[in-house]
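Undergrad: Take this structure first; my questions come after.
The values are calculated or read from the model by the stated rules, or taken from the named source; none is laboratory data. Note that the structure is predicted; figures quoted are calculated from it, not measured. Cβ: placed from backbone, ideal geometry, glycine included. Neighbour counts: every protein chain shown.
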Amino acid sequence: MSSGSGVRRAFVAGTLLLWGAASAAAQDSVEQFFKGKQISIVVGSSAGGGYDTYARLLGRYFGGLIPGNPTIVPQNMSGAGSNRAAAYIYNVAPKDGTAIGAIFPGAVLQPLIGDAKLQHDPSKFVYLGNANSDVYVCFVRADAPVKKFEDLLTKELIVGASNPGATTYDLPQLLNSVLGARFKIVTGYPGSREMLLAMERGETQGTCGIGWTGIETMHPDWFKDDRIRVLVQLSNDGHPDLNKRGVPRAAQFAKSDDDRKVLELVFSQGIFGRPFVMPPGVPAERVTALRAAFVNALRDANLKAEAAKMQLDVEPMSGEDMQNLVTRIYATPSHLVDRAKQALTVKAQK
């Protein structure tokens, strides 16, 4: 064996030892930091809704998989379509891994396609991951005058919503602008729980932009008793169960190819139905540990069994994949972005 070969082997062996030592040191550093700490999951909606339910389910398993076993404390910060919570995470929350936001997908997409000036930049968030994809739907009370989506082209339907930036506002507004639907959008409801309660009381006739899974979870009796009717799916692919039932997808009613592409751009947020984010600046080794714990928690057999009992879909997307997806969305051609912006303004509705 040549002396050069021996030197190379020694170099490789030394490099591997150094890498292993560095990795162990990083793990020890993460464990030391999180030991005895508390991690807040700031939920951008009121208690009892779908986003809150997912965050609390995650919280019951998440902490035990993070080095140092920190305590997980969910807290609610509703308002502005979860943009209030997003702004808090981005600007105010500590950038050390102890603050996580459970925000609406609209808070990720709206800064790209909306007109409102917001206090966070989704392209700079550190993405922890995504809990599930979702299929948003528009649905009505069985006694509403609108019986199928085509009726909405000539009849007004009163729907409850949060505020601009939330799917419950943006998606019916999009259908008004692009397809000529006649949703009358009543804003100010803090979360899906309040919207569904308003519909149940007869204050509104329906809701548009809530995930299919969330409705089934909160009101399974509605389907058993045929008390609501699903009009349309706001999704590029649709949900298998709804597809089998013949519930149409909104893009089927598009009058042009560009209109279809605008709908598909906005509906892309359904891919990340339950995003979890951290502020920019969280140390890389903590990001790595938290992302691994997030995916492992959502793959845990006990969590999945509990989710099944609650009729929750759990389809984890890694933080790396979520980060790459958001990067691609923010690289959408400008002419499609501009059309989407126009479609989401109230002016476009007139």
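To keep it simple, each residue is scored yes or no on (1) closer than 17 Å to Ala131 by Cα; (2) aliphatic (A, V, I, L, M).
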{"position": "Gln233", "(1), (2)": "no, no"}
{"position": "Arg249", "(1), (2)": "no, no"}
{"position": "Ser256", "(1), (2)": "no, no"}
{"position": "Arg260", "(1), (2)": "no, no"}
{"position": "Val266", "(1), (2)": "no, yes"}
{"position": "Gly270", "(1), (2)": "yes, no"}
{"position": "Val277", "(1), (2)": "yes, yes"}
{"position": "Arg286", "(1), (2)": "no, no"}
{"position": "Asp300", "(1), (2)": "yes, no"}
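Undergrad: Let me ask something additional. Please work out if Leu128 is within 14 Å of Asn83 (Cβ to Cβ) and in the same structural domain as Leu325 (by TED's automatic domain parsing).
TA: Details: within 14 Å of Asn83 (Cβ to Cβ): no; in the same structural domain as Leu325 (by TED's automatic domain parsing): yes.
Answer is no for this residue.
Undergrad: May I pose another question? Can you find, within segment 299-316, the residue that is farthest from Asp241 (Cα to Cα) among those that are acidic (Asp, Glu) and within 19 Å of the chain's Cα centre (by Cα)? Walk me through it before giving the result.
TA: Applying the first criterion (acidic (Asp, Glu)) to segment 299-316 yields 300, 306, 313, 315.
Of the ones still in play, those that are also within 19 Å of the chain's Cα centre (by Cα) are 313, 315.
On the way: Asp313: 13, Glu315: 17 Å.
Taking the candidates together, the pick is Glu315.
Undergrad: Scan segment 73-111 for residues that are in a helix (DSSP H, G or I), closer than 16 Å to Pro190 by Cβ and of a type in the set (Ser, Thr, Tyr) and jot them down.
TA: Residues satisfying the conditions are Ser82, Tyr88.
Undergrad: Against the definition (more than 19 Å from Lys341 (Cα to Cα), over 21 Å from the mean Cα position of the chain (by Cα), surrounded by 20 or more Cβ atoms within 10 Å (Cβ to Cβ) and in contact (Cβ under 8 Å) with a residue 40 or more places away in the chain), how does Phe149 come out, yes or no? Quick ask: steps written out before the conclusion?
TA: On the way: more than 19 Å from Lys341 (Cα to Cα): yes; over 21 Å from the mean Cα position of the chain (by Cα): yes; surrounded by 20 or more Cβ atoms within 10 Å (Cβ to Cβ): yes; in contact (Cβ under 8 Å) with a residue 40 or more places away in the chain: yes.
Here the answer is yes, as Phe149 does meet what is asked.
Undergrad: Shifting gears a bit: I'm told Lys124 meets every condition in (1) crowded, with 16+ Cβ neighbours inside 10 Å; (2) over 28 Å from Arg229 (Cα atoms); (3) modelled with pLDDT of 95 or more; (4) not acidic (Asp, Glu) except one. Can you identify the failing condition by its number?
TA: Condition (1) is where Lys124 drops out.
Residues checked against (1) surrounded by 17 or more Cβ atoms within 10 Å (Cβ to Cβ); (2) more than 30 Å from Ala99 (Cβ to Cβ); (3) free of Cβ contacts under 8 Å to residues at least 24 places away in the same chain:
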position	(1), (2), (3)
Arg201	no, yes, yes
Gly206	yes, yes, no
Asp258	no, yes, no
Val262	yes, yes, no
Met278	yes, no, no
Gly281	no, no, no
Val287	yes, no, no
Leu290	yes, no, no
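Undergrad: Taking Lys341, is it charged (D, E, K, R), free of Cβ contacts under 8 Å to residues at least 12 places away in the same chain and surrounded by fewer than 19 Cβ atoms within 10 Å (Cβ to Cβ)? Steps first, answer last, please.
TA: Values: charged (D, E, K, R): yes; free of Cβ contacts under 8 Å to residues at least 12 places away in the same chain: no; surrounded by fewer than 19 Cβ atoms within 10 Å (Cβ to Cβ): yes.
Against the criterion (charged (D, E, K, R), free of Cβ contacts under 8 Å to residues at least 12 places away in the same chain and surrounded by fewer than 19 Cβ atoms within 10 Å (Cβ to Cβ)), Lys341 does not qualify.
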